Amino acid sequence: MDNELMVSQKNMVALLSQEAGLSEAIKPLSREIFLFDSYIAGTTHIEDESILGEIKEGTKVIMRREDNRFDDNAILILDEKQRKLGYVPEKDNVVFARLMDAGKLLIGKVNKHVMKGSFHQIGIGIYLVDF
């Protein structure tokens, strides 16, 4: 079978995360399974806090594992332009990190964004993308 297309599970997640191409073809075959409500931690520590002003309810966010010396289960949260927004809180990230390490694709959707003084409180729903 010299003409077979072989893609490892790790590469499949990368392919399916891209904005165009294969991910568009597979979208009708996928579904998002709600797992958990959480929030974006560490928003006060990002370099450009003006990014947070662009985040609205319904915005999809990207979740990516990060090698982090403070938290072995760190999950970075990025906007659609790949800009850092913060992290999944450490108290919530163990199971999600295990799923992602096993090759599962997780995304977030903003379900709340309120200002508390100068602090951005951003709630997210975490979803498993099932194919």
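With (1) over 17 Å from Thr44 (Cα atoms); (2) of a type outside the set (Ser, Thr, Tyr); (3) surrounded by 17 or more Cβ atoms within 10 Å (Cβ to Cβ); (4) in contact with a Phe, Trp or Tyr (Cβ under 8 Å, 6 or more places away or on another chain) as the list, and Val129 as the residue in question, which single condition is left unmet?
(4)
Assess whether Ile126 counts as being touching a residue at least 24 places away in the same chain (Cβ under 8 Å) and under 11 Å from the mean Cα position of the chain (by Cα).
Spelling it out, Ile126 is indeed touching a residue at least 24 places away in the same chain (Cβ under 8 Å) and under 11 Å from the mean Cα position of the chain (by Cα).
What strands (runs of 3 or more DSSP E) lie completely within the stretch 17-131 and have 2 or more residues being not hydrophobic (A, V, I, L, M, F, W, C)?
Fully inside the stretch 17-131 and qualifying: 31-39, 60-65, 84-87, 105-116, 119-130.
Mind checking which pairs have a first residue in the stretch 104-120 that is closer than 17 Å to Met63 by Cβ and a second that is surrounded by 15 or more Cβ atoms within 10 Å (Cβ to Cβ) and among the hydroxyl-bearing types (Ser, Thr, Tyr), Cβ under 6 Å, 6 or more apart or different chains?
Ile107/Tyr127; Val110/Thr59
We did not get these values from a lab; they are worked out from the coordinates using the rules stated. Keep in mind that what you see is a predicted model, and the values were worked out from it rather than measured. Neighbour counts are summed over all protein chains in view; Cβ atoms, including those assigned to glycine, are modelled from backbone coordinates with ideal geometry.
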